[in-house]
Amino acid sequence: VINIKATQPVAPIQPTMWGVFFEDINMGADGGIYAELVKNRSFEFAKPWMGWKIERKKAEEGDIIIQNRHGNTVNPRYISVKANNISKGELGITNEGFKGMGIKKGLRYDFSVLYRHQTGSVKLHLELIDSKGSIIGETTLNPTGNGHSWKKEAISFNATETEAKGKFRIWFEGNGEIDLDMISLFPEDTWKKRPGGMRADMIQLLADMKPGFIRFPGGCIVEGIDLANRYQWKKTLGPVEERQLIINRWNLEFAHRPAPDYFQTFGLGFFEYFQLAEDIGAEPLPILNCGMACQFNTAEVVPVNELDSYVQDALDLIEFANAEPNTKWGKVRADMGHPAPFDLKFLGIGNENWGPQYVERLKVFTKAIKAKYPKIKLVNSSGTDPNGDRFDYLNKELREMNADIIDEHYYRTPDWFLKNAGRYDSYDRNGSKVFAGEYAAQSDKTVSVKNVNNWKCALSEAAFMTGLERNAQVVNMASYAPLFAHAEGWQWTPDMIWVDNLRSYGTPNYYVQKLYSTNKGTHVLNTSENGKPLTGQGDLYASGILDKATNEVILKVANISDKEQIREVNLEGIKKFDAKAKLIVLKNNNPEALNTFENATNVSPVEETITLNPKKKISLTLAPNSF
Ligand code: AHR
């Protein structure tokens, strides 16, 4: 008998309990949710022609060159095209996109460019081309401006076919010299149809989860390969041509998946992340660099007495998010189109920064932020050690500092997740809260290219998460990581959502997360069998909660056995309940089962309404390997 003390809530469940962790890894942003189709649109990648090919039918030295303008330090490069009485098809440039371009038949594509005519007049013939080289959409832009100042011009056209591996070509025609920069192409069907916006199918998958928070922008990219390449939120605001790109932390990392052309162009920056959080009803949770570069790269640190600008960045971010438009940073937000504050409540300082150097720096940040913004809850970084006590020192220090929230990460085996379902049972109920900020069961081992998102891993996470939920008094936030991966451009597996240029699907792990976040309830209920919480006895893991808003009792049960199990459920204290209940089951007989592009819902929830006899006991049949 699973006994639920249904009328005696034990602890509240925070609305932030189940969230998402976003990082620009695995082409998560550029080539991912950022819907720009042109790779290296401003020629600022390490090699200016990365992503581009010059098409010359009539070779002429110097007809297209890269120029580097003085005085523009954020976007110095552009191209100069010298057209010497050329016709369409003689001189052009082709962009390969991010692993190709996903093009959809009938959809409108919006082209824009910054240009200036140095002499004469040059036309731009724009073509979408399929993988065989056929034209599947075209138009002509006749830039009319002349003179030496840069102008922006835009034109739209429709695609005539669907193609997953499209390219984009520009042929030049005329006689003269034209300079081009920020060559951009977006589909019309972005999230909320915002020009220059995000890929709608990917964002919809997030919105469907109704996440309690969204953490951004990472992960290791917060830290950067070195401090010069750390994530600096102020450089991600304003017009996109003024946002200075940097090398992505995941560019050359892990030799087995090198990605030398992986840059962060910041078309997607902090304003857009805050807006996304608002769109999907999630609390924004930005994480800032604490003065330390990635521990797996250079591990550079800023001297403690030189942290001022880093700390100021944190204070200014709170002003950017929360202050009225009559303040310096509130105005920046308002000028970008959001006069109302974003109501930031949480801020992370440091990601996976460990050791005494972190504590020293964190103390400086905490003092300054708490003095000015005492209500902001700070997320501090910690770790978990499967083999010892490596993080005991840090956890002790953080707790002595009365840390608001401590961020623990675990990429471990399914077995670890099952054995640790009781991890938080012994944590101090009154001390610092926990953010299970990055976790995922690994089918092979941590940082292995062989990891897959199989049902065994997802089920072990579902079982473990009953323990997070049961301990909601301690655990206030949790998120699976990483979130997105492009099937042809990933550095890390497993990942929650997989995409290619046209398609996206949720893994079994996605459905586990979604079941939790769409059934998050408001209060923990004491749930037990034979007087003990279900943490694996009889291969069952369970957590019962109450949703005070809907008056529902929600029971989550993971049956990790390959046998069906039957339990009676006793809603202790409830005299009368509805005859109708909802049963949502995620299951598969094969622990190795996967979702794929072709079979995207192989492991996905099946929902039915069941009729209960309020006079009789509730009997629950738990399928083998099911949640
Ligand atoms: O999620 C992938 C990486 O794992 C994150 O960037 C980092 O925080 C962790 O090491």
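The values are calculated or read from the model by the stated rules, or taken from the named source; none is laboratory data. Only a predicted model underlies this, so the values are computations on that prediction, with no experimental measurement involved. Cβ: placed from backbone, ideal geometry, glycine included. Neighbour counts: every protein chain shown.
Annotations
- Only one of PHE45, PHE21 that is under 30 Å from GLN275 (Cβ atoms), among the aromatic types (Phe, Trp, Tyr), touching a residue at least 60 places away in the same chain (Cβ under 8 Å) and within 16 Å of the ligand (Cβ to nearest atom): PHE21
- Flag for PHE320 being in a helix (DSSP H, G or I), away from the ligand (no atom under 16 Å from the Cβ) and under 19 Å from ASP30 (Cβ atoms): no
- Any hit, the stretch 500-517, residues being within 16 Å of the ligand (Cβ to nearest atom), touching a residue at least 60 places away in the same chain (Cβ under 8 Å) and outside any helix (DSSP H, G or I): yes
- Candidates are the residues of the stretch 90-105 that are in contact with a strand residue (DSSP E or B) (Cβ under 6 Å, 6 or more places away or on another chain) and over 20 Å from TRP49 (Cα atoms); the one that is surrounded by the most Cβ atoms within 10 Å (Cβ to Cβ) is ILE103.
- Residue list for the stretch 91-138, filter: among the basic types (Lys, Arg) and under 16 Å from LYS39 (Cα atoms): LYS99
- Residue within the stretch 442-451 that is touching a Ser or Thr at 6+ places or on another chain (Cβ under 8 Å), at pLDDT 95 or above and within 16 Å of the ligand (Cβ to nearest atom) present: yes
- Residue satisfying all of: in the stretch 340-393; among the acidic types (Asp, Glu) and at pLDDT 95 or above; nearest to THR16 (Cα to Cα) among these: ASP343
- Within the stretch 344-439, strands (runs of 3 or more DSSP E) holding 3 or more residues that are closer than 27 Å to GLN537 by Cβ and within 16 Å of the ligand (Cβ to nearest atom): 405-412
- Hits in the stretch 141-163 - residues which are of a type outside the set (Lys, Arg), surrounded by fewer than 16 Cβ atoms within 10 Å (Cβ to Cβ) and part of a strand (DSSP E or B): GLU153, ALA154, SER156
- Some residue of the stretch 169-183 being touching a residue at least 24 places away in the same chain (Cβ under 8 Å), over 19 Å from PHE43 (Cα atoms), buried (at least 18 other Cβ atoms within 10 Å of the Cβ) and under 33 Å from the mean Cα position of the chain (by Cα): no
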